[in-house]
């Protein structure tokens, strides 16, 4: 049996860091070809006689993404959580205090806290995390918003013109998402994140909706989801497993940390899904998995294996045991339930 690992990561200056990322280091051979493809695409814009407005959009988006990816790259192997919520929430509001405590607890566990860098909930999460463990993705608007005092002028702050480049970074570069009460933007981010996870466009990660103590914001939201989506068969019952609602900060923190208790990350290799774990299941547990989750196995069985030869670029994850199977690539709510089953069955989470 593989040695169990501590899922709480240490800060970056600690000697006890764990290999954590699901992103892969760049391949020097393939990188040059991809850069050439980008150049070829740029040349095609000229051939297509693209309008100046279209070119400005593409040029600015590419420059924003290049810079944002550069800023986040040194932190790829550190866990990060995105915190969403209203910029209008005042410091004396219970939700502000909950966000502050959530940021503090995540930072204590070695997680970076990523927000939109504004005020309200975003400021609260950064206040809790502190400048060292905070990262920001600020949106440039004509009327708002300047970066909050915690992250302002920090090297881990990125200013972006476009919401779509900002939203990409919010989801691509993190390992969990926390939602506090907010307006259209908060709802937009939540639904987009859920859509990406539900459709497999983004790897599984914990999504937790946190209310102020005794608050009903997310309970009312869930009532809407059940009545208008689940009851109308517009989503599956298992899709409700993709997120958790709570008004308890400690429960929210454990939802985030506990997800990586045994489970580490996932990757597709050719036509199979590989789940990397910190603990290898025994034969009896493997039989239970195959019995409980046979509905999401397209063919064959769930099997215990080692790293595939095509995972060579993931050297920092090479010693982790894997579960591999032909996933139907449809029932991601059930796949999340499978991860929960593994964490509960193999770990002290």
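Points to keep in mind about this one:
- Sorting the segments 223-235, 254-266, 190-202 by their mean number of nearby beta carbons within 10 angstrom, highest to lowest, gives 254-266, 190-202, 223-235.
- Whole-number percent relative contact order across the chain, with pairs defined as alpha carbons under 8 Å at least 6 apart: 17
- Entry note, the chain: the mean residue ellipticity at 222 nm calculated from DSSP H runs of n ≥ 4, each adding -39500 (n - 2.57), is -12500 deg cm²/dmol after division by the residues and rounding to the nearest 500.
- Pairs of Cα atoms farther than 17 Å apart, the range 250-349, %: 50
- Spin-label pair residue 69/residue 223, simplified geometry with 7 Å Cα→Cβ offset, distance in nm: 4.5
- The range 206-302: translational diffusion in µm²/s, Stokes-Einstein, Kirkwood Rh over Cα pairs, 10 °C, 1.306 mPa s: 98
- Taking all pairs of distinct alpha-carbon atoms in the range 74-258, Kirkwood radius in angstrom: 16.3
- Between residue 231 and residue 132, residue separation times 0.36 nm minus the direct Cα-Cα distance comes to 31.1 nm.
- Between residue 161 and residue 90, the contour length at 0.36 nm per residue exceeds the Cα-Cα span by 23.0 nm.
- Using the Cβ-Cβ distance between residue 216 and residue 54 with R0 = 41 Å, the FRET efficiency computed as 1/(1 + (r/R0)^6) comes to roughly 0.35.
- Diffusion constant of the chain at 4 °C, which comes from Stokes-Einstein with the Kirkwood Cα-pair radius and 1.567 mPa s, µm²/s: 60
- Within the range 111-140: backbone nitrogen closer than 12 Å to the residue 152 label point (7 Å, Cα to C-beta): 118-119
- Pairs of Cα atoms nearer than 8 Å and 6+ residues apart set the relative contact order; for the range 195-299 it is 25 percent.
- Extension gain for residue 299-residue 41 works out to 89.0 nm (0.36 nm per residue, less the C-alpha to C-alpha distance).
- From the C-alpha gyration tensor of the range 106-195, square roots of 5λ in Å: 18, 16, 12
Rule-based calculations on the coordinates, nothing more; no lab input. Bear in mind that the values here come from a model prediction, so they are computed numbers and not experimental data. Quick reminder, even Gly has a Cβ in these numbers, built from the backbone with ideal geometry, and neighbours come from all protein chains shown.
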